[in-house]
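A short reminder: the numbers here are calculations on the coordinates, not readings from a lab. Everything numeric in this text was worked out from a predicted model, so none of it was measured. Every residue, glycine as well, gets a Cβ built from its backbone with ideal geometry; the counts of neighbours run over all protein chains shown.
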Amino acid sequence: MATTSTARGDLTDELIEADIWSDEMVARAGIPVRDYPLVSVGGGIGSYALVDTLRIAGAQPEQLRVLTNLDFPYQTYRHLTNNSQIPPHERIRSDSASVLDNIWGWPSYAVREAFSARSLSGFIAPLLQVLVEPIFTDYYTPKLEQVFQSVDRETARLEWAGMLDKGQVRMSRRRHGGGYFTILTPPEGTSATRRIAFRSTYVHISVGYPGLQFLPDLQEYRQKHQDYGRVVNAYEPHDYVYADLLASPGTVVVRGSGIVASRVLQRLIDDIEQNGAQTKIVHLFRTYVGGAHGPSIFMRRKGGDGFAYQGFNWPKSAWGGQMKQKMEEIEGEDRLELLRLTGGTNTPKRKLWQQQLKRCRANGAYRAYVGQVSEVVPGPDRTIITRVNAKDGTKIELAADYIIDATGLEGDVRQSRVLADLLDHGGAGLNPYGRLDVERTFELRGAASPPGRMYAVGSMTLGGYHAGVDTFLGLQTAALHVADDLARQGFVARIGMGRSLAQWLRWARRRPPS
Ligand SMILES: Cc1cc2nc3c(=O)[nH]c(=O)nc-3n(C[C@H](O)[C@H](O)[C@H](O)COP(=O)(O)OP(=O)(O)OC[C@H]3O[C@@H](n4cnc5c(N)ncnc54)[C@H](O)[C@@H]3O)c2cc1C
């Protein structure tokens, strides 16, 4: 690592305007420069998956830099799961197809859970479940806390903390002569300069979702009436809603029909059934799925009671089967159509959720409505009225104490300043889905700076050649593709059979990768 300037540097007009920067331009701005072969921007699960894979492929910690505002890789994920009612003892959606601390997938989460159990039934239950799933029981999926603990162990093994540079990444621009400059704004008071430039041959972008997304009518209500407490997004902290509904009877409108809506419904019904809450749940569907649906017998998805059912957010073949192969072959509108058919809003058909909803339908605690919201307005006695144009043409008014928007996270690439800059100055473009256009190797199309390459992974690449990009397995798959591409360029070794076996043995003995 070399620091070529120590002056208090900041971005200049010259730098902001130029698509490609020279070393002299950065020196003129007085921005100190640090050299690393590869920097990863984000520091979440996607960055972690890449660093894990590259370390296994032989990269040393001093060759890799992670630029991030996070302290540990699952910080954002933990924040979002916690808010959306997945506490650490709950089970996540995905299974051991992706074991986050172990790219080989063995031993699986179920095996580890069995061997760490303190009772015979605790030992047998997870093993039996993976034996008979999904026909006789739900898919086995690990508890959140098991995932966190395993990532903690692996980050220690990788020497993750030593590879971090904390701060906010402002932009990544191509460099005259090849490679990139990535500009980090370190936290106030931690650096002598306002910015630091990381000069690297390779850049990996894994910035996740830019933020929360509200349904337009709810956003309008919040802004117009300055009511940010009673109309909430399921991903923002809103535990006080459940506390208030426990303390006094109330009505809550839930919008959305994906897994986050299922989690919110579970929490509300748990409180009714186990803690005596007298909540009335009004579930508002925009699209109501009445039964199995799909264009042909080979592409049918279960559905009912408003929900589209799917174990994982994409069919399993999206990560390693027919669909993965097809996605890699087709382009443009054809890919969009396949994504539309196989993705969209869906939730697993879990026995617990089915039974809870059945009971609450019967006792009147849960009622479903279908329609298009025309407006959301304040009502009498501090209620909020949702005006709905129902499917049969009637108009309905739903009064509630709270509205929980469980419909999603922000999908607009331009909401991320770094990504917007890549579109405006970095040569990057959008795919037909409106997200970043990447190659099959996850190289960002149009952003090459030979011999340097830029890669992008995660949710902001949906619409490319891989469907399940915003999942653990998707991020691990992307990491393998990037590592293979870097191996072809000689940056790391190829992970062949010998290396894979040797590295698994090191993993099993908790030795650092070599
Ligand atoms: C509630 C919930 C449940 C989920 N359950 C599952 C599941 O069961 N199984 C599964 O496979 N997947 C699941 N997922 C998907 C999972 O979150 C993603 O697979 C993964 O967390 C995304 O990782 P990422 O690295 O792309 O983004 P993140 O983990 O969000 O990391 C990116 C981070 O980069 C940082 N960053 C962004 N911009 C900058 C910048 N300019 N400068 C510095 N830092 C920046 C931010 O802190 C950001 O959080 C779930 C997601 C949610 C929200």
On the principal axes of its Cα set, how long, how wide and how thick is segment 16-65? Give whole Å, largest value first. 38, 19, 15
Counting all Cα-Cα pairs in segment 30-91, those more than 17 Å apart amount in percent to 52
Quick one: compute the contact order of segment 208-294, relative version, from alpha carbon pairs under 8 angstrom and 6+ residues apart, as a percent. 28
Scan of the chain for chymotrypsin sites (Phe, Trp or Tyr not before Pro) in DSSP loops with at most 14 other beta-carbon atoms within 10 Å gives a longest site-free stretch of 229-514
Using just the alpha carbons, could you tell me how many Å³ per residue the convex hull of segment 260-326 encloses? 114
Using Cα positions and a limit of under 19 Å, work out the aspartates and glutamates in reach of Lys324, with same-chain residues fewer than 8 apart set aside. Asp95, Glu333, Asp334, Glu337, Asp437, Glu439, Glu443, Asp470, Asp484, Asp485
In what sequence do Leu480, Leu50 fall when counting other Cβ within 10 Å, fewest first? Leu480, Leu50
May I ask you to derive the FRET efficiency for Arg417 and Gln274 from their Cβ-Cβ distance with R0 = 45 Å, giving the value to the nearest 0.05? 0.55
Order of 167-175, 411-419 by packing, highest average Cβ count within 10 Å first? 167-175, 411-419
Using DSSP, restrict attention to beta bridges with both residues in segment 164-313 and report what percent are antiparallel, rounded to the nearest 5. 75
Looking at the chain, what % of its DSSP beta bridges pair antiparallel, to the nearest 5? 45
Could you tell me which of the pairs Lys351/Lys395; Lys224/Lys351; Lys280/Lys391; Lys224/Lys349 are separated by over 30 angstrom between their Cα atoms in the structure shown? Lys351/Lys395; Lys224/Lys351; Lys224/Lys349
Would you mind giving the three semi-axes, in whole Å and largest first, of the ellipsoid equivalent to segment 74-179 according to its Cα gyration tensor? 35, 16, 15
Taking a spot 7 Å from the Cα of Ala448 along the direction of its beta carbon, which residues of segment 145-183 have an amide N less than 13 Å from it? 179
Share (percent) of C-alpha pair distances in segment 133-253 greater than 19 Å works out to 74
Exposure-ranked with fewest Cβ neighbours within 10 Å first, Arg93, Arg361, Arg435 stand as Arg361, Arg93, Arg435
Using the beta-carbon distance between Ala292 and Ser22 and R0 = 51 Å, what value does 1/(1 + (r/R0)^6) give for FRET efficiency, to the nearest 0.05? 0.25
Student exercise, the chain dipole from Lys, Arg, Asp, Glu Cβ charges, in Debye to nearest 20: 1240
Against the globular-protein guess of 2.2 N^0.38 Å, express the Cα radius of gyration of the chain as a ratio, rounded to two decimals. 1.04
Which residues' amide hydrogens lie under 5 Å from the amide hydrogen of Gly426, considering only partners 5 or more residues apart or on another chain, with H built in the peptide plane? none
What nm distance separates the two modelled labels at Leu120 and Ala247, each placed 7 Å from Cα along Cα→Cβ? 4.8
Nearest 10 degrees is fine. How inclined is helix 497-508 to the longest principal axis of the chain, computing both from alpha carbons? 70
Could you compute the FRET efficiency for Ser500 and Leu336, with r as their C-beta to C-beta distance and R0 at 35 Å, rounded to 0.05? 0.50
Segment 170-250 - percent relative contact order, Cα under 8 Å, separation 6 or more: 17
Cα-Cα pairs of segment 217-338 separated by more than 16 Å (percent): 72
Residue exposure sequence - His204, His238 - by fewest surrounding Cβ within 10 Å: His238, His204
Find the Cα radius of gyration of segment 357-514, compare it with 2.2 N^0.38 Å by division, and give the number to two decimals. 1.63
From the backbone phi of segment 170-183, what are the Karplus-calculated ³J(HN,Hα) couplings (6.51 cos²θ - 1.76 cosθ + 1.60, θ = phi - 60°) in whole Hz, Gly and Pro given as x? 8, 6, 10, 10, 5, 10, 4, x, x, x, 9, 10, 10, 9
Relative to the first principal axis of the alpha-carbon coordinates of the chain, what is the inclination of helix 216-225, with its axis defined by its Cα atoms, in degrees from 0 to 90 and to the nearest 10? 90
